[in-house]
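Okay, so here's the structure we're looking at.
No value in this document is a laboratory result; all are computed from the given coordinates. These numbers were taken from a predicted model, which means no experiment stands behind them. Virtual Cβ from ideal backbone geometry, glycine too; neighbours counted across all protein chains shown.
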Amino acid sequence: MDEMLAIILISTLFPAVGAAYILRTNGKTLNFAIIGGTVIYLASVVMIFGLLYGAKRFNMQANDLILLLPFGVAALFYWLLKGSKMGNE
């Protein structure tokens with residue numbers, strides 16, 4: 001496995017596990033927490049690869065665009081889940 005790919009996959013795993021833990025401790029069901037963590041993990045990986053491939057289009061280095069990832073994931077899921085009552089126990 002390429003070192004860069006391993007770093008991408010492992011580094012996005014930690015925020016997804018943290019989000020799933022926070023969902024579970026805030027009264028969401030176990031299934032909702034697991035699915036939420038999985039969705040965050042997949043969205044992070046897709047956004048990283050999208051930023052890596054889109055770096056040439058923006059005429060920037062990929063390392064600079066990766067710094068935008070946490071803001072993108074946070075904004076996406078805030079917009080999708082604001083005011084949601086889904087998954088409450």
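Can you grab the distance from the C-alpha centre of segment 43-75 to the C-alpha centre of segment 4-32, Å, no decimals?
The two parts, judged by their Cα centres, are 19 Å apart.
Pick from 25, 38, 12 the residue whose mean-square fluctuation is largest in a GNM of the chain, springs joining Cα atoms under 10 Å.
Checking each option, the largest mean-square fluctuation is seen for 25.
In percent, what relative contact order does the chain have, based on Cα pairs under 8 Å that are 6 or more apart in sequence?
Numbers: 53 pairs, mean separation 26.3, N = 89.
Relative contact order for the chain comes out at 30 percent.
Under the 0.36 nm per residue contour assumption, what length would be gained going from the current alpha-carbon distance of residue 35 and residue 63 to full extension?
Details: separation 28, 0.36 × 28 = 10.08 nm, distance 2.89 nm.
Full extension from residue 35 to residue 63 adds 7.2 nm.
For the chain, give the magnitude of the charge dipole about the Cα centre (Cβ charges: +1 Lys/Arg, -1 Asp/Glu; no others), in debye to the nearest 20.
Taking the Cα centre of the chain as origin, the dipole is about 340 debye.
Using a basic spin-label model with each label point 7 Å from the Cα along Cα→Cβ, how many nm lie between residue 53 and residue 86?
Rounded to a tenth, the inter-label distance reads 2.5 nm.
So for each of 48-56, 2-10 I average, over its residues, the number of other beta carbons within 10 Å; can you give me the resulting order with the highest mean first? Display every interim value, and only then the final one.
Details: 48-56: 14.3, 2-10: 10.6.
My ranking of the peptides, most packed first, is 48-56, 2-10.
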